1. Can you tell me the dipole magnitude for region 125-192 around its Cα centre, using point charges on the Cβ only (Lys, Arg +1; Asp, Glu -1), in Debye to the nearest 20?
2. Given a cut-off of under 8 Å on Cα pairs at least six residues apart, what relative contact order in percent is computed for the chain?
3. Once you order the gyration tensor axes a ≥ b ≥ c over the Cα atoms, which shape class does region 162-218 get: rounded for a/c under 1.5, otherwise prolate or oblate by comparing a/b with b/c?
4. Expressed as an acute angle from 0 to 90° and rounded to the nearest 10, what is the orientation of the C-alpha long axis of helix 100-110 relative to the principal long axis of the chain?
5. Restricting to the chain, what percent of DSSP beta bridges are antiparallel, rounded to 5?
6. I'd like to know which of VAL95, LEU51, GLY224 lies farthest towards the positive end of the charge dipole of region 2-235, counting +1 on Cβ of Lys and Arg and -1 on Cβ of Asp and Glu.
7. By the gyration tensor of its Cα atoms, with a ≥ b ≥ c the square roots of the eigenvalues, what is the shape of region 86-181: rounded for a/c under 1.5, prolate for a/b over b/c, or oblate?
8. Report the gain in length on full extension from ASP75 to HIS199: 0.36 nm times residue separation, minus Cα-Cα distance, nm rounded to one decimal.
Amino acid sequence: MIRVEDLWRTYEMGGHALHALRGVTETIDDGSHVAIMGPSGSGKSTLLNLLGCLDSPTRGKYFLGGEDVAGLSEDALAEVRLRRIGFIFQSFHLVPRLTALQNVELPMIFGGLNPAERRERAEAALESVALVDRASHKPNELSGGQKQRVAIARATVMGPGLLLADEPTGNLDSRTGAQVLDLLARLQAEGRTLVVVTHDPGVARRADRVLVLRDGEIVRRVSGADVTDLGSLFEAKVASA
């Protein structure tokens, strides 16, 4: 389970304090699918970065599986990122000179797995996203959807319980995007927790729950089924239970 308590992230800019997050408190149950929405500058990416241990809060607590990770050392945070969290980005973040198989192997190299086990697990991960036949292809030889599936294979190869996706369909056409969302839904149905930042109501509608941010605060909580248009969603001023 994810629990954040009074989470703040403040940056100093030109001698002034900029509050990217303001006292966010939220609980996300294991195995759930949560979407984070809000206008530009609302704090969506900041919250996702804190959940992914890519950044540290200015104050507040972040419990991941009961452990307060907000105060961990950099080495301990690196272990959390490696083994407990999978990241999926809009721009894929594949290494251009490496093949699909080698890209998927990268986390296992950092994890100290031997070459034989790395190859076996990477091939299984590519097979799970229907790309084993593209294992030897480099990113420039893959379509956008194939790149994202390689990225998903890489994100899941270490068996993390939490997947964080930042606009995972942002660079894809609608048909390919739907295929990627189906794949993410399958992974979540297998028991992983899925948190997705999106501006797309169609993506948010697939979530169990949607958190709407504005000016660094959660201003509304709705079910994915209740998401219609962004205008009415972003107008809300008070978070509902």
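We did not get these values from a lab; they are worked out from the coordinates using the rules stated. Only a predicted model underlies this, so the values are computations on that prediction, with no experimental measurement involved. FYI the Cβ positions are ideal-geometry reconstructions off the backbone, even for glycines, and counts take in every protein chain you see.
1. Roughly 100 debye, rounded to the nearest 20.
2. Relative CO of the chain lands at 26 percent.
3. Taking the square roots of the gyration eigenvalues as a ≥ b ≥ c, region 162-218 is oblate.
4. 70 degrees
5. 55 percent
6. Highest projection toward the positive end goes to VAL95.
7. Prolate, since a/c reaches 1.5 and a/b exceeds b/c.
8. On the way: separation 124, 0.36 × 124 = 44.64 nm, distance 3.32 nm.
Going from the current span to full extension adds 41.3 nm.
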